[in-house]
Amino acid sequence: MPSVPFTRQGLEGIVAVGSSIRLEVERMAYGADAISHADDGKTVFVSGGITGDVVEARVVSDGPSFARAEVTEVLEPSPLRVAPSCPYAGICGGCPWAALSREAQLAAKRANVVDSLVRIGHMDQARADALVGPCEAPSDPWGYRNKVELAFTRNKGRAVIGMHDRGGSNVIKVDRCPLLDARHAKLVKSVSGALSYLSGSHELGIDRIGIRASRRTRDIEVSLWTSTGAFPRAQVAKVLADATKATSVVRVLTKGPQKARRVSGVERLSGKGHWEERIGSELMAVSAPSFFQVNTAGAQRLVELVCDALGLSEDDEAMDLYCGAGTFTLPLARRTGFVSAVESYGPAVRDLRRNLERANLSNVDAVGGDAGREFPDTDADVIVVDPPRAGLAEDVVEQLCEQPARAIAYVSCDPATLARDLARFEERGVFVPTRITPVDLFPQTFHVETVVLMSRVI
């Protein structure tokens with residue numbers, strides 16, 4: 001493959017797709033790639049590079065505003081480059097930042113939050129820098145996950161169980177995942193072996209496999225996501241329970257096209273039928289389809305940040321939108337007089353009500369439904385919103401701005417939609433961000449959680 005000298009010239013018309021180019025990697029993008037620039041200012045997204053590298057890269061696409069390239073050789077390694085603790089880091093899609101030092105990861109995550117506020121939220125650079133604090137690191141950089149998911153496919157009739165590759169199109173076999181708690185490191189191999197054995201004599205119809213493991217409660221759950229239909233329940237339950245010592249084995253039944261599957265039910269195959277985790281003083285039960293933060297220590301830090309920021313008192317009335325199984329609802333109920341909690345996902349609503357009952361908390365109105373349509377008819381003193389990656393719907397922003405609350409804690413998993421939503425709040429002039437704290441719940445990846453304290457304009 002011809003090598004093109006590094007000339008600081010633009011790519012378009014100079015380097016054809018498939019040719020090589022020498023690049024200096026400038027910074028990490030909010031994504032798996034890093035960013036370089038050609039001489040004419042064109043952005044080049046570089047797969048396999050980290051901040052400070054000088055690389056030889058193959059151009060894989062070139063458009064009017066940016067190009068994409070894949071590293072073929074690291075010519076001058078960055079001082080920020082480290083040896084990944086995972087042997088699959090170069091091919092698996094689960095830890096794309098594994099070659100970047102922890103300190104550099106934290107700095108890059110903070111920088112990506114600031115960049116989103118400026119670029120998408122149109123916030124002044126100096127103001128964004130002043131608002132966004134250092135990125136907190138509440139957990140270990142490896143072994144922090146309480147959950148991993150395995151892909152299931154067949155190749156020439158044989159089961160292949162493992163992780164999706166970096167491109168997302170193939171499944172690679174793995175015998176462990178260093179992101180999973182080290183005490184449960186053998187679970188991946190045990191589950192893979194058990195299902196490979198079972199699939200030799202049964203058509204299991206598995207789409208994916210979830211493994212949840214708690215260091216705090218020692219609970220282990222294996223969930224098999226399958227299409228509806230016949231299933232060897234008793235044999236699967238026995239083989240998986242023997243192989244993993246799981247406290248719960250469940251089958252999650254799904255219907256619909258591959259890209260729009262919906263959960264139609266959950267079958268308990270053995271054990272409790274749910275997984276338990278402890279967040280601070282709260283013991284929570286979570287069903288397989290329900291969302292729960294994969295980093296328990298990180299989730300606990302989110303709760304601490306939210307409760308401290310809101311300055312809760314027992315006279316307060318609280319609101320918790322997109323509340324899930326109750327990560328914030330339970331501590332809010334302990335500290336305030338009343339909580340209105342809204343969640344749209346059916347399994348999570350059932351988990352929430354069960355958790356409230358088990359905690360003997362009767363000062364919560366748990367409502368199932370869309371946050372906009374089921375917005376509580378109440379006057380809240382403090383509000384927590386923890387929306388999915390898509391952020392807040394515009395009608396929810398409008399309704400929040402009509403509340404007399406003194407403060408809102410916005411917990412975000414996506415800097416881009418957070419920046420968009422903060423701009424919407426500022427347009428209405430009722431609530432403004434006064435403190436923004438990035439939290440690294442996902443070491444070795446580009447993802448970052450952010451807690452924003454929004455105070456009422458006086």
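Can you confirm whether region 389-410 contains a residue that is under 22 Å from GLN300 (Cα atoms), acidic (Asp, Glu) and part of a loop (DSSP other than H, G, I, E, B)?
No, every residue in region 389-410 fails to be under 22 Å from GLN300 (Cα atoms), acidic (Asp, Glu) and part of a loop (DSSP other than H, G, I, E, B).
For the structure I just gave you, tell me whether GLU282 is assigned by TED's automatic domain parsing to the domain that holds ILE220, acidic (Asp, Glu), over 25 Å from PHE375 (Cα atoms) and surrounded by fewer than 23 Cβ atoms within 10 Å (Cβ to Cβ).
Working: assigned by TED's automatic domain parsing to the domain that holds ILE220: no; acidic (Asp, Glu): yes; over 25 Å from PHE375 (Cα atoms): yes; surrounded by fewer than 23 Cβ atoms within 10 Å (Cβ to Cβ): yes.
In short, no.
Which of the residues that make up region 89-144 are of a type in the set (Ser, Thr, Tyr) and either crowded, with 22+ Cβ neighbours inside 10 Å or assigned to a helix (DSSP H, G or I) (or both)?
Across region 89-144, the qualifying residues are SER116, TYR144.
When you scan region 412-434, do you find a residue that is within 30 Å of ALA108 (Cβ to Cβ), of a type in the set (Ser, Thr, Tyr) and surrounded by 23 or more Cβ atoms within 10 Å (Cβ to Cβ), even just one?
Looking for residues that are within 30 Å of ALA108 (Cβ to Cβ), of a type in the set (Ser, Thr, Tyr) and surrounded by 23 or more Cβ atoms within 10 Å (Cβ to Cβ), one finds at least one in region 412-434, hence yes.
Go through the residues of region 318-333 one by one and say whether even a single one is among the aromatic types (Phe, Trp, Tyr), touching a Phe, Trp or Tyr at 6+ places or on another chain (Cβ under 8 Å) and either within 15 Å of VAL411 (Cα to Cα) or crowded, with 20+ Cβ neighbours inside 10 Å (or both).
Scanning region 318-333 turns up no residue that is among the aromatic types (Phe, Trp, Tyr), touching a Phe, Trp or Tyr at 6+ places or on another chain (Cβ under 8 Å) and either within 15 Å of VAL411 (Cα to Cα) or crowded, with 20+ Cβ neighbours inside 10 Å (or both).
Results for (1) in contact (Cβ under 8 Å) with a residue 12 or more places away in the chain; (2) under 30 Å from ASP377 (Cα atoms), shown as yes or no for each residue.
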{"site": "VAL239", "(1), (2)": "yes, no"}
{"site": "VAL249", "(1), (2)": "yes, no"}
{"site": "LYS259", "(1), (2)": "no, no"}
{"site": "LEU269", "(1), (2)": "yes, no"}
{"site": "ASN295", "(1), (2)": "yes, no"}
{"site": "ALA325", "(1), (2)": "yes, yes"}
{"site": "THR329", "(1), (2)": "yes, yes"}
{"site": "ALA333", "(1), (2)": "yes, yes"}
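Taking THR244 as the residue in question, decide whether it is of a type in the set (Ser, Thr, Tyr) and either touching a helix residue (DSSP H, G or I) at 6+ places or on another chain (Cβ under 6 Å) or on the phi > 0 side of the Ramachandran plot (or both). Write out each step before concluding.
Numbers: of a type in the set (Ser, Thr, Tyr): yes; either touching a helix residue (DSSP H, G or I) at 6+ places or on another chain (Cβ under 6 Å) or on the phi > 0 side of the Ramachandran plot (or both): yes.
The answer is yes for THR244.
Quick one: count up the residues across region 145-188 that are hydroxyl-bearing (Ser, Thr, Tyr) and either part of a strand (DSSP E or B) or at positive phi (or both).
Residues in region 145-188 being hydroxyl-bearing (Ser, Thr, Tyr) and either part of a strand (DSSP E or B) or at positive phi (or both): 1 in total.
For region 343-352, what are the residues that are crowded, with 24+ Cβ neighbours inside 10 Å and not in a helix (DSSP H, G or I)?
GLU343
The values are calculated or read from the model by the stated rules, or taken from the named source; none is laboratory data. From a predicted model like this one, the values you see are computed outputs, not experimental measurements. Please note: Cβ atoms are built from the backbone with ideal geometry, for glycine as well, and neighbour counts cover all protein chains shown.
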